[in-house]
Amino acid sequence: MSVQLNHTIVAARDKETSAKFLATMLGLPVGPRFGPFVPVEVSNGVTLDFTDTGGGPITSQHYAFLVSDNDFDAIFGRIQEARVAYYADPHHNQPQQINHRDGGRGVYFDDPNGHNLEILTRPYGSGAA
């Protein structure tokens with residue numbers, strides 16, 4: 001049996017702004033609207049479909065993106081250029097730092113809705129501590 005994640009819904013106060021933020025940071029295009037959704041598709045075919053909450057509360061979610069070293073450099077450069085706060089840890093206790101878990105690099109930052117975004121170059125458990 002083959003099971004793959006196809007898409008997930010991302011709650012937003014402003015779906016257009018939120019999709020554009022993620023797409024800009026990751027260097028991806030914003031896809032055309034699909035019904036009430038504004039999609040951003042990542043390279044493995046998974047789509048993050050942004051939808052407005054209509055003013056309702058947004059529960060912070062975590063979205064992690066595995067990237068190459070070159071992509072990490074480019075994304076991290078955009079994070080810094082946009083003056084987005086970043087952290088070495090998911091609880092935001094290590095500001096303006098990156099981590100080196102499993103011999104790679106990782107960083108956390110928030111989107112406009114408070115979702116905790118992460119870029120990492122090595123999957124957890126794949127290498128040295």
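The values are calculated or read from the model by the stated rules, or taken from the named source; none is laboratory data. Bear in mind that the values here come from a model prediction, so they are computed numbers and not experimental data. Quick reminder, even Gly has a Cβ in these numbers, built from the backbone with ideal geometry, and neighbours come from all protein chains shown. Surface accessibility is based on the protein's heavy atoms, side chains included, excluding ligands, DNA and RNA. Shrake-Rupley method; radii C 1.70, N 1.55, O 1.52, S 1.80 Å.
Please give the net charge around TYR63, taking every other residue with its beta carbon less than 9 angstrom from that of TYR63, where Lys and Arg add +1 and Asp and Glu add -1. Present the calculation step by step, with values, prior to reporting the outcome.
Numbers: positive: none; negative: ASP111, GLU118.
Here the count lands on -2.
Where does the charge balance sit around ARG105 when Lys and Arg score +1, Asp and Glu -1, over other residues with C-beta under 14 Å from its C-beta?
On the way: positive: ARG101, ARG122; negative: ASP69, ASP71, ASP73, ASP89, ASP102, GLU118.
Residues close to ARG105 contribute a combined charge of -4.
If you rank MET1, MET25 by how much accessible surface each has, with a 1.4 Å probe, what is the order from largest down? Don't skip to the end; give the middle numbers.
Numbers: MET1 220, MET25 10 Å².
From most accessible down to least: MET1, MET25.
Calculated from DSSP H runs of 4 or more alone, at -39500 (n - 2.57) each and per residue, what is the 222 nm mean residue ellipticity of the chain, nearest 500?
Calculated mean residue ellipticity at 222 nm is -6000 deg cm²/dmol.
Counting only Cα atoms, I'd like the Rg/Rh figure for region 66-110, Kirkwood definition for Rh.
Numbers: Rg = 10.0 Å, Rh = 10.7 Å.
Using only Cα positions, Rg/Rh for region 66-110 is 0.94.
Could you pull the Cα extents of the chain along its three principal axes, largest to smallest, in whole Å?
If we take the Cα atoms of the chain, the spans are 44, 40, 24 Å.
Go through region 67-83 residue by residue and turn each phi into a ³J(HN,Hα) via Karplus (6.51, -1.76, 1.60, θ = phi - 60°); whole Hz please, and just put x for glycine and proline.
Karplus-based 3J(HN,Hα) across region 67-83 equals 10, 6, 4, 5, 5, 4, 4, 5, 5, 4, x, 5, 4, 5, 4, 7, 6 Hz.
Between 0 and 90 degrees, rounded to the nearest ten: what's the tilt of helix 15-26 against the longest Cα principal axis of the chain?
The helix 15-26 is inclined about 30 degrees to the chain.
With both bridge residues required to lie in region 52-121, what share of the DSSP beta bridges run antiparallel, to the nearest 5%? All intermediate terms of the calculation are to be shown ahead of the outcome.
On the way: 9 of 14 bridges.
Approximately 65 percent, going by the DSSP bridge assignments.
Any idea how far the Cα center of region 9-25 sits from the one of region 55-76, in Å?
11 Å
Report, by chain and number, residues whose modeled amide H sits under 5 Å from the one on PHE50, excluding near sequence neighbours (fewer than 5 apart, same chain).
VAL10, VAL38, VAL40
Leaving ligands and nucleic acids out of the surface, order GLU41, GLU81 by accessible area at 1.4 Å, largest first.
Descending order: GLU81, GLU41.
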